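Notes follow the structure.
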């Protein structure tokens, strides 16, 4: 398991030089959500390997390389899965709480507001990006939107329920985004994606 506080963030992964920036991982998470066919997934895997590894990978090694990429995306391996509770719930919801494509403006704004990091210009290690995303203050517009999307309204009185349902509708993501758990955290959102490659 990798410790963000004491270990140097890796620029090589499992013996290969990598593009450690957050952009290839965001690209992968966006494409995985939207892959409709096996052909879409196969193209996505090929392009993800090409984006992530600095040196070209022989096509015959793509499956192994992609598994390595997924381990990096998870943040280090099985120990990290245990620490974060990967796969602890199998309940799916219709509405995700975060989508990197639809919420990109809010993510960029939140990082600028909270940390002074310009995600349009600065390189940020994927693992640092995830840690900062998980720790965003709830006062940011993104924090408020994620809270609204994940809010369970079934136990509320009618006025509060109507209020939150109106907000949920206003901030709803497009239909058809797959594989998201009900009332998930950002980490659970990412883990749900990675579980599909299981």
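At a 10 angstrom cut-off on C-beta neighbours, averaged per residue, how do the peptides 107-120, 149-162 rank from highest to lowest?
Output ranking for 107-120, 149-162: 107-120, 149-162.
Determine, from the Cβ-Cβ distance of residue 170 and residue 7 and an R0 of 30 Å, the FRET efficiency 1/(1 + (r/R0)^6), rounded to the nearest 0.05.
E between residue 170 and residue 7, to the nearest 0.05, is 0.10.
What ranking, highest mean first, results for peptides 57-67, 136-146 when packing means the other Cβ atoms within 10 Å averaged over each residue?
136-146, 57-67
Starting from the alpha-carbon convex hull of the range 1-42, give the projected area averaged over all orientations, in nm².
Here the figure is 4.3 nm², rounded to one decimal.
Only the coordinates and a few stated rules stand behind these numbers; no lab work does. What you see is a predicted model, and the numbers here were worked out from it, not measured in a lab. Here the Cβ is made from the backbone with ideal geometry for all residues, glycine too, and neighbour counts use every protein chain on show.
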